[in-house]
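J.: My questions all concern the structure below.
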Amino acid sequence: MKLVFAGTPEVAVPALDALIASGRHEVAAVVTRPDAPAGRGRRLVASPVAERAEEAGIEVLKPVRPRDEDFLARLREIAPDCCPVVAYGALLPKAALAVPARGWVNLHFSLLPAWRGAAPVQHAVMAGDEVTGASTFLIEEGLDSGPVYGVLTEEVRPTDTSGDVLTRLAFAGAGLLAATMDGIEDGVLHAVPQPAEGITLAPKITVEDAQVQWSAPALRVDRVIRGCTPAPGAWTLFRGERLKLIQAVPVLDRTDLAPGELSAAKNNVYVGTGSHAVELLWVQPQGKKPMRGADWARGVRIVPGELVGM
């Protein structure tokens, strides 16, 4: 088939690579978000998908809005058979959905209908799911509600961050998307409607959502930190400044600390929660590089009874 691939971040690159390498399909063009400012100089930088497509000599389309008529005209001119999508980052209008004869097929990082929305892996980790996965489905106007072509499952390990799970799903899902394209072309794969039960939503995690609530149980605190790593990054307040929380672990035998109360030893630093304490393994003070929690505690000279989160 002739394909137009839509995607933007690094997590979409493995799928683009798999389609390029498959040999069965022609990736005629790539649709991605416009260049965005990045780094200290805030210079405009192309998306990871755009960079990979340019390396491969593939035409890159960067519409400000997918409903822009010049973009739609070019899409009709290319006349793709199918448009595979991975984390494109913009809603597709009816006019764009109508162009490919076999539709737009999205690789979504959850076991649909669970975790429909922008942040499925983050929500799966924060909810304590032991198993998640990826699904390919035919895009329709509803939010991730279209019929499903195929799925794969992935274990969520006890220490996984959302970044860990997403990296594994990006590569496993690339194979699933390529196999879905093959099955559609061969006429042996047919999309099945999603069940009406089991629908959960996964909206974007905001910076405010990522603030740790120390009154919650230690298990919840651990899940929030892992779910928000690497983005947007879990955090708390310490002496009026944000302290990013990169890695923590529940400590079952420490129940002597009040929620948010700090306790520093020579090689450890603990924080109380609504149940037992957590040990801060890695943190990042505002304006500084990541460091071990114990090193941070020594540097700031924690006062007995001092709190975070206030």
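J.: Return the total of residues in region 93-103 being part of a loop (DSSP other than H, G, I, E, B) and either at pLDDT below 95 or not aliphatic (A, V, I, L, M) (or both).
T.: So the answer is 4.
J.: Go through region 23-40 and report how many residues are within 20 Å of the chain's Cα centre (by Cα) and basic (Lys, Arg).
T.: Of the residues in that region, 1 qualify.
J.: Here is a further query. Within region 148-172, can you find the residues that are more than 30 Å from Val251 (Cβ to Cβ) and open to solvent by 30 Å² or more (accessible area, probe 1.4 Å)?
T.: Tyr149, Val151, Leu152, Thr153, Phe171, Ala172
J.: What's the total number of residues in region 257-310 that are touching a Leu at 6+ places or on another chain (Cβ under 9 Å) and outside any strand (DSSP E or B)?
T.: 21
J.: What's the number of the only condition in (1) touching a Ser or Thr at 6+ places or on another chain (Cβ under 9 Å); (2) closer than 27 Å to Lys204 by Cα; (3) surrounded by 17 or more Cβ atoms within 10 Å (Cβ to Cβ); (4) aliphatic (A, V, I, L, M) that Ala248 fails to meet?
T.: (1)
J.: Next question, about the same structure. Would you check if there is a residue in region 27-49 being over 29 Å from Asp164 (Cβ atoms) and either among the polar types (S, T, N, Q) or assigned to a helix (DSSP H, G or I) (or both)? So that I can check it myself, show each step before the final result.
T.: Step one: filter region 27-49 for residues over 29 Å from Asp164 (Cβ atoms), giving 28-29, 34, 41-44.
Checking the rest, the ones that are also either among the polar types (S, T, N, Q) or assigned to a helix (DSSP H, G or I) (or both) come to none.
Among the residues of region 27-49, not one is over 29 Å from Asp164 (Cβ atoms) and either among the polar types (S, T, N, Q) or assigned to a helix (DSSP H, G or I) (or both), which makes the answer no.
J.: Quick one: would you say Leu75 is among the aliphatic types (A, V, I, L, M) and modelled with pLDDT under 95?
T.: Criteria not met by Leu75.
The values are calculated or read from the model by the stated rules, or taken from the named source; none is laboratory data. These figures come from a predicted structure and were not determined experimentally. Here the Cβ is made from the backbone with ideal geometry for all residues, glycine too, and neighbour counts use every protein chain on show. In case anyone asks, the SASA skips ligands and DNA or RNA and just uses the protein heavy atoms, side chains included. Shrake-Rupley method; radii C 1.70, N 1.55, O 1.52, S 1.80 Å.
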